[in-house]
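Take this structure first; my questions come after.
The values are calculated or read from the model by the stated rules, or taken from the named source; none is laboratory data. Fair warning: this is a prediction, and the values are worked out from it, not measured in the lab. Cβ placement follows ideal geometry from the backbone for every residue including glycine, while neighbour counts extend to all protein chains displayed.
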Amino acid sequence: MRLNLLISCLFYLITTAKLYAGAADTTQIPILAWGGVPPDEASIARYEEMKNAGLSVSLTRSTSTDSMAKMLDMAAKAGVTLIVRCPELQTDPENTVRRFMHHPATAGYYLKDEPSAKDFSYLGKWMKRIQAIDSQHLCYINLYPNYALPDQLGTDTYQQYVEEYMAIVEPPVLSFDHYPVMETKGKRYLREEWFTNLEMVAKTAQKNITPFWAFAMSVARGLHPVPTLAEIRLQVFANLAYGAQGIQYFTYWTPRIKTQYPYHHGPIDSNNKRTDVYEIIRAVNQEIQSLSGIFLSSKVISVEHTGENIPAGTQRLTEPPKGIKKIRTTGEGAIVSLIENNKQQYAIIVNRDFKQPMKLYIKGNGKLENVRKDSDQPESKSKTFALVIAPGDIAVFRIKH
């Protein structure tokens, strides 16, 4: 058991280093802007603006390798990285990779968003062609959520979809999207399938000793409302509690696509101006990075839930995790995750309610250290804590055995 744990931890460390090859900072959780700075708005100032929002990786289209090269040069000066996405990566992958593999702003290579299982064989071969030239940067593919239809997945079940993807493509990172916050007739709620999706992906990633990345929705469209601070926090902190090693925002720049249900009110709006959502993700990203030393390269020991009604597909907390004597929560309940990082264990508590605060009482077998995500506040130590956790927010405790 200890040998398997050691191998798993080493793999996470090695993989994390590879994902950051060429980047200056390998100590922070990668935070990706899906729909980053568009080519027609690309400038050093715009990439600096993105960096100031706490985003370290940008993913957007470029029209050619020359356009991609200009964007990479500007991103490098601003201190952020880009995932290479241009037509030539598909038509001439070897030469395209050779052109960009040594650029300091290269974070990886974009292959496909939400592929069908029918695409897996082709994607696996394409990925291997790229990795034969550059094995130090990730090849990025993002999977459907579990509410996609079988015709979209190309399999009978979602579990089959994910397992076939891991077996055939063998990706360096398992990325999937799921946008859980919905609004109907003025009432906001969470998709019932969300935690089932997190459970499936987290367990599949752990089984394959592969890190996973997950999303928060930061733009409004149709039944997806303009996000609040609590809704963004819940999505992000739930992902981290389940072991996510990268956080992604859909989207950073509001898409200009004309559809029946147009996008609106992303962090940067369709008029290229900042919105209040920009300030929300900047605040949350500061909290993520304050906790990076705990979550980056961590291993999840257990994830369970409290509350009268727990989400479908999850496990109820029947007894506290090792090192904890008692946990009590009020309201809707909490995610209770036990993680380990560098031989140190942490109890992670996330308020599952994005509307109301939650009272938490926690008692350790020994002393607990309450790790603060606002870095200007010192950690506090006690055997017991009685706290009020804000909607969607997180509490982190270092367990002292």
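Whether any residue in the range 114-127 is surrounded by fewer than 18 Cβ atoms within 10 Å (Cβ to Cβ), out of contact with any Asp or Glu (no Cβ under 6 Å at 6 or more places or on another chain) and in a loop (DSSP other than H, G, I, E, B) is what I want to check.
yes
Quick check on my filter: what residues within the range 134-145 are without any contact (Cβ under 8 Å) to a residue 40 or more places away in the chain and either more than 24 Å from Ala214 (Cα to Cα) or out of contact with any Asp or Glu (no Cβ under 9 Å at 6 or more places or on another chain) (or both)?
Answer for the range 134-145, where residues must be without any contact (Cβ under 8 Å) to a residue 40 or more places away in the chain and either more than 24 Å from Ala214 (Cα to Cα) or out of contact with any Asp or Glu (no Cβ under 9 Å at 6 or more places or on another chain) (or both): Asp134, Cys139.
Filter the range 180-206 down to residues that are among the charged types (D, E, K, R) and in contact (Cβ under 8 Å) with a residue 12 or more places away in the chain, then give me how many there are.
6
So Met68 passes all but one of these: (1) surrounded by fewer than 20 Cβ atoms within 10 Å (Cβ to Cβ); (2) touching a Ser or Thr at 6+ places or on another chain (Cβ under 7 Å); (3) not aromatic (Phe, Trp, Tyr). Which condition number does it fail?
Failed condition: (1).
Sort out which residues of the range 282-315 are closer than 30 Å to Val173 by Cβ and free of Cβ contacts under 8 Å to residues at least 40 places away in the same chain, and write them in order of number.
Within the range 282-315, Ser302, Glu304, Ile310, Gln315 meet the criteria.
Condition first: farther than 28 Å from Gly313 by Cα and not in a strand (DSSP E or B). Now tell me which residues in the range 135-149 satisfy that.
Passing the criteria: Ser135, Gln136, His137.
Quick check on Thr106: is it assigned by TED's automatic domain parsing to the domain that holds Glu164, hydroxyl-bearing (Ser, Thr, Tyr) and touching a Lys or Arg at 6+ places or on another chain (Cβ under 7 Å)?
no
Which of the residues spanning the range 1-53 are among the hydroxyl-bearing types (Ser, Thr, Tyr) and at pLDDT 95 or above?
Ser43, Tyr47
Yes/no per residue for (1) outside any strand (DSSP E or B); (2) touching a helix residue (DSSP H, G or I) at 6+ places or on another chain (Cβ under 6 Å):
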| site | (1), (2) |
| --- | --- |
| Val300 | no, no |
| Thr318 | yes, no |
| Lys325 | no, no |
| Ile348 | no, yes |
| Asp353 | yes, no |
| Gln356 | yes, no |
| Asn370 | no, no |
| Lys383 | no, no |
| Val388 | no, no |
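Please work out if Ser175 is assigned to a strand (DSSP E or B), assigned by TED's automatic domain parsing to the domain that holds Val284 and closer than 23 Å to Val57 by Cβ.
yes
Using the structure shown, decide if Ala69 is closer than 14 Å to Thr106 by Cα, assigned to a helix (DSSP H, G or I), more than 24 Å from the chain's Cα centre (by Cα) and among the small types (Gly, Ala, Ser).
Yes: the conditions hold for Ala69.
Of the residues Glu304, Glu279, Glu308, Glu340, which is acidic (Asp, Glu), surrounded by fewer than 20 Cβ atoms within 10 Å (Cβ to Cβ) and in a loop (DSSP other than H, G, I, E, B)?
Going through Glu304, Glu279, Glu308, Glu340 in turn, just one is acidic (Asp, Glu), surrounded by fewer than 20 Cβ atoms within 10 Å (Cβ to Cβ) and in a loop (DSSP other than H, G, I, E, B): Glu308.
For the range 120-127, indicate whether the set of residues that are without any contact (Cβ under 8 Å) to a residue 24 or more places away in the chain and closer than 16 Å to Glu170 by Cα is non-empty.
Yes, the range 120-127 contains a residue that is without any contact (Cβ under 8 Å) to a residue 24 or more places away in the chain and closer than 16 Å to Glu170 by Cα.
If you go through the range 146-162 one residue at a time, how many are under 15 Å from Phe176 (Cα atoms) and either aromatic (Phe, Trp, Tyr) or touching an Asp or Glu at 6+ places or on another chain (Cβ under 9 Å) (or both)?
Counting residues in the range 146-162 that are under 15 Å from Phe176 (Cα atoms) and either aromatic (Phe, Trp, Tyr) or touching an Asp or Glu at 6+ places or on another chain (Cβ under 9 Å) (or both) gives 6.
Go through (1) within 25 Å of Thr306 (Cα to Cα); (2) surrounded by 21 or more Cβ atoms within 10 Å (Cβ to Cβ) for Lys203 and report which single condition fails.
Lys203 satisfies all of (1) within 25 Å of Thr306 (Cα to Cα); (2) surrounded by 21 or more Cβ atoms within 10 Å (Cβ to Cβ) except (2).
Could you identify the single residue in Ala132, Ala167, Ala148 that is surrounded by 15 or more Cβ atoms within 10 Å (Cβ to Cβ), closer than 29 Å to Gln90 by Cα and not assigned by TED's automatic domain parsing to the domain that holds Phe354?
Criteria check complete, one pass: Ala148.
In the range 210-265, what residues are surrounded by 19 or more Cβ atoms within 10 Å (Cβ to Cβ), small (Gly, Ala, Ser) and outside any strand (DSSP E or B)?
Correct list: Ser218, Ala230, Ala238, Ala241, Gly243, Ala244.
Okay, next question. Confirm whether Thr384 is in contact with a Phe, Trp or Tyr (Cβ under 8 Å, 6 or more places away or on another chain) and exposed (fewer than 14 other Cβ atoms within 10 Å of the Cβ).
yes
Under the condition of being assigned to a strand (DSSP E or B) and of a type in the set (Gly, Ala, Ser), which residue from the range 103-113 is surrounded by the fewest Cβ atoms within 10 Å (Cβ to Cβ)?
Going through the qualifying residues, I end up with Ala107.
Among (1) among the polar types (S, T, N, Q); (2) out of contact with any strand residue (DSSP E or B) (no Cβ under 9 Å at 6 or more places or on another chain); (3) under 30 Å from Lys258 (Cα atoms), where does Asn197 come up short?
(2)
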